[in-house]
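Notes for the one structure printed next.
The values are calculated or read from the model by the stated rules, or taken from the named source; none is laboratory data. Computed from a prediction, not measured in an experiment: that's the story for all the values here. Positions of Cβ are backbone-derived with ideal geometry, glycine not excepted, and every protein chain shown enters the neighbour counts. What goes into the accessible areas is simple: the full protein's heavy atoms, side chains included, and nothing from ligands, DNA or RNA. Shrake-Rupley method; radii C 1.70, N 1.55, O 1.52, S 1.80 Å.
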Amino acid sequence: MTLKKIFLRPVILLVCAMVLNATVTFAADRDRIATFLNVTGFDVALDSIALSAENAPGIIGLDPRDFGPTWDVIAEDVFALGSMRSEALDFLEQTLADDVLTHAEDFYATELGQRLVRAENASHLVADGETKHIAGERIISDLVQQGNERVEILKRMGRAVEAGENSVKAIQEVQFRFIMAAVAAGMIELQLDPKDLKEQLEAQEAEMRLSMQTSGLTSSAYAYQDFTNAELEAYSDALETPQMQKVYQLLNAIQFEITASRYEDLAHRLANIGPSEDI
């Protein structure tokens, strides 16, 4: 097969460092974590994984329409919102320390924190991603022409919630796991061994990194357009604290793992029906 250059559009809480094996001495309880996910809007970010499902077939050169009406049924089941949220809670129960959670709760309980969450949730759930991207590009263009420092503030925020090289590696791993699942299920034939496939994905790193940085910047410009520069600087300050860095490392790692595992399941499910077949 010829590997298509398909990049998964990142959400604001971009996948990054894998820290799920960390040992936590004082873990927070499940009900409190569930409330925290709702307060921070991470539950909505998890839900947005389902919106990315239409990108998955493109990784192996197919289109959701190739599977006819069956696609919607399978995608809804594989990316069931309640199941993804429950899985996230399972991970966080084992990894999120009580003191770190308290620190994050204190910020997101503020008036600014709640306004930020509402704006992020609204941005996550915009169905027309292309329209949002175009609007974000226009905002960035205007800011650059004005010489507005907001562009640098948005870049600073982006760096605070992702982990650079790890973000690219995480997206590549999602692609790799989906392709290998499709091969194992007999959905496609791969004319490369796994090592060569990894190398081909790695060869796209520079292009992928630029795509992710551009997408992240335009998404942020759109999501935070109603905030002042001072408010966004305050948000950056909060995001850069050690405790918030730990929170985002966990949330990003969990979002990555749930995405990758759901894509693997999707590959096996689609292989069982084949393109253009009905249930």
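Within segment 110-121, the only residue that satisfies the criterion of being open to solvent by 20 Å² or more (accessible area, probe 1.4 Å) and under 15 Å from the mean Cα position of the chain (by Cα) is 121. Considering (1) open to solvent by 50 Å² or more (accessible area, probe 1.4 Å); (2) over 14 Å from the mean Cα position of the chain (by Cα), say which one residue 182 fails and leave the rest. With respect to (1) open to solvent by 50 Å² or more (accessible area, probe 1.4 Å); (2) over 14 Å from the mean Cα position of the chain (by Cα), residue 182 is out only on (1). Considered as a group, the residues in segment 250-265 that are surrounded by 21 or more Cβ atoms within 10 Å (Cβ to Cβ) and under 12 Å from the mean Cα position of the chain (by Cα) include one that is farthest from residue 107 (Cα to Cα), and that residue is 259.
Scanning segment 78-100 for residues that are out of contact with any strand residue (DSSP E or B) (no Cβ under 9 Å at 6 or more places or on another chain) and touching a residue at least 24 places away in the same chain (Cβ under 8 Å) yields a count of 11. Checking each residue in segment 153-175 for being open to solvent by less than 30 Å² (accessible area, probe 1.4 Å) and either modelled with pLDDT of 85 or more or more than 30 Å from residue 228 (Cβ to Cβ) (or both) picks out 153, 154, 157, 158, 160, 168, 170, 171, 172, 174, 175.
Filtered by the rule that a residue be at pLDDT 85 or above and surrounded by 14 or more Cβ atoms within 10 Å (Cβ to Cβ), segment 189-199 gives 197, 198.
In segment 214-236 there is no residue that is on the phi > 0 side of the Ramachandran plot and open to solvent by less than 70 Å² (accessible area, probe 1.4 Å).
Taken across segment 235-247, residues that are within 24 Å of residue 133 (Cα to Cα) and of a type in the set (Gly, Ala, Ser) do occur, with at least one present.
When each of 115, 150, 156 is tested for being in contact with a Ser or Thr (Cβ under 6 Å, 6 or more places away or on another chain), in contact (Cβ under 8 Å) with a residue 40 or more places away in the chain and not hydrophobic (A, V, I, L, M, F, W, C), the lone residue that passes is 156.
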